[in-house]
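Right, one structure below, let's go through it.
The values are calculated or read from the model by the stated rules, or taken from the named source; none is laboratory data. Predicted, not measured: the structure shown is a model, and the values here were computed from it. Positions of Cβ are backbone-derived with ideal geometry, glycine not excepted, and every protein chain shown enters the neighbour counts.
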Amino acid sequence: MRFIVCLSAGLAIIVAGLLKAFGHVPLLEAFRRTLSVVSLFLLMVGGLDGWVRFCSVKLRTDRWYFRPVDLYISGTLLLGVGLLQPVEYIGSFPLIVLVLLAFLLMVFSFGCAFNLRWRISATKFEQHCRSAGVVSGSGEPPDFIAEFSRGRAVTLYFRPRGTDRERMETERLANEYNGHFESFHECGAGSYQYDYGTGTLPGRFELTVKEAVNRAQAAAHADAAPGRGQLYIGESFSRSVVITLTEMVHLLIGGETGCGKTTVLLGLIRQLIAQCVDIVLIDAKGTDYKGIESKLKAYVFESEKFLSLITALVSKMDERYQQARTGSDDFVPLVLVVDELADVVSGKDGKEIQLGLERIAMKGRAARIHLILATQRPDVRVLDGQLRDNLPCRLIGRLKNLDMSVKLIGSGASAKLPATPGRFIWSRGLDELQVQVPLILSEGESG
Ligand SMILES: Nc1ncnc2c1ncn2[C@@H]1O[C@H](COP(=O)(O)OP(=O)(O)OP(=O)(O)O)[C@@H](O)[C@H]1O
Ligand SMILES: [Mg+2]
């Protein structure tokens, strides 16, 4: 329908030009008047439809997203204004200019005003859904709303039309698009958002601390929470994954031996030190952090000292709460990093240590005390439900146990990861991305 309206509007201008060329001025005038009203009405209806489609999806208020709409409106106005020009004014142009203008307007209205690109996307989307088996019981594909691509990231918005959720999440759909499935979730007004990336994950790669911090700053959202501690996590198929300490609050790192947990911790610690964030490190192995101890606020590897350190941190937190009540709450962030958490909580003071960690996990955010905990086995014995629920960010490497993966990140993605060191699933809120974490070297070091 839109196509026909658009085509007739373009043709009408050509007819008007021809009438003018053959000198039928009264006929041309009547034709012009009728057309102006009809085409403006139709274009407005079309415009309204476009707006309804836009507004019914909860889109981010990023200017880029509104560009097609701007073009749509300009196209509508141009065509309307063009047709409303008095005949005498049109008459002052040579015929060739008029035809050229008509042609340009047609192309313009085709491409922009009627979102031809989206029409193509919709047809492609339907085809892909059908061949990936993403259809409802009666064989209908979901209803396409919009597609946005930015760099390596592509987002599709659609309404499911009775398609079942599991099938909509299928990897096969991403394969149809030659991409990698990244996330899928409801985005309001009964519509869904399907994200896939078109990039490839790098293999092992190295960065200096400075490069990592620069990448974090460059990729941070404009509305990222302010404050020290921009962290570069790694690369996903669609983008660089970065986060600020304030957004992260606390982080849990899990995964079987050799997946790269200690390497991630070292990278994060180095980035935080470079940004003058205080670090307290508990290293149950006592061997992995040589050369960095002197730059830390405290470094503890003897099991008998674990509890006193955590108790001191809990007191520090309470002290900051007191301070915040009476004065400023602009504290220097303090991060407690624990490697080999299982060993730390399985000693004789285990229960008290767990309780201390739980308190920090629950109340640390306002006091700017953050936790980064790493363990091979993130099961109940090591992380009880209370503590786990208060660790909103997860970076989970390969796990043998599918149930554990579901418990930690809500899907079996970690159990399906390749055995590549540095390969993790980053999970935070709606994000569930496969990432490759770099080796972050301190200045002067090289791999
Ligand atoms: N991001 C990475 N890129 C490339 N290689 C890595 C990466 N992370 C780790 N590796 C390699 O894997 C090895 C093991 O990493 P790491 O010690 O960090 O594992 P881990 O998960 O801490 O193991 P464990 O649970 O036994 O302590 C490293 O020595 C390194 O060679
Ligand atoms: Mg380790």
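Structure summary
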quantity: Those strands (runs of 3 or more DSSP E) lying entirely in segment 348-447 with at least 2 residues more than 16 Å from ligand 1 (Cβ to nearest atom), of a type outside the set (D, E, K, R) and outside the structural domain of VAL264 (by TED's automatic domain parsing); calculated: none
quantity: Failed item in (1) in a loop (DSSP other than H, G, I, E, B); (2) within 16 Å of ligand 2 (Cβ to nearest atom); (3) under 24 Å from PRO438 (Cβ atoms), with LEU266 passing the rest; calculated: (1)
quantity: Filter result for the condition that a residue is more than 21 Å from GLY179 (Cα to Cα) and either at pLDDT 85 or above or more than 42 Å from the chain's Cα centre (by Cα) (or both), over LEU116, LEU84, LEU105, LEU101; calculated: LEU84
quantity: Members of segment 269-285 found to be more than 12 Å from ligand 1 (Cβ to nearest atom) and not in a loop (DSSP other than H, G, I, E, B), listed by number; calculated: ILE269, ARG270, GLN271, LEU272, ILE273, ALA274, ASP278, ILE279, VAL280, LEU281, ILE282
quantity: Residue tally, condition within 16 Å of ligand 2 (Cβ to nearest atom) and surrounded by fewer than 23 Cβ atoms within 10 Å (Cβ to Cβ), over segment 362-373; calculated: 0
quantity: Segment 128-169 - residue that is part of a helix (DSSP H, G or I) and without any contact (Cβ under 8 Å) to a residue 12 or more places away in the chain and, of those, farthest from the chain's Cα centre (by Cα); calculated: ARG130
quantity: Unique residue being among the acidic types (Asp, Glu), more than 13 Å from ligand 2 (Cβ to nearest atom), surrounded by fewer than 23 Cβ atoms within 10 Å (Cβ to Cβ) and not in a helix (DSSP H, G or I) when the list is ASP329, ASP288; calculated: ASP329
quantity: Failed item, numbered, when PHE184 is tested on (1) free of Cβ contacts under 8 Å to residues at least 24 places away in the same chain; (2) over 29 Å from GLU166 (Cβ atoms); (3) not polar (S, T, N, Q); calculated: (2)
quantity: Hits in segment 420-443 - residues which are among the aliphatic types (A, V, I, L, M) and within 16 Å of ligand 2 (Cβ to nearest atom); calculated: VAL437, LEU439, ILE440
quantity: Residue count, segment 333-347 (criterion: in a strand (DSSP E or B) and without any contact (Cβ under 8 Å) to a residue 60 or more places away in the chain); calculated: 3
quantity: Tally, over segment 170-195, of residues that are out of contact with any His (no Cβ under 8 Å at 6 or more places or on another chain), at pLDDT 85 or above and part of a loop (DSSP other than H, G, I, E, B); calculated: 3
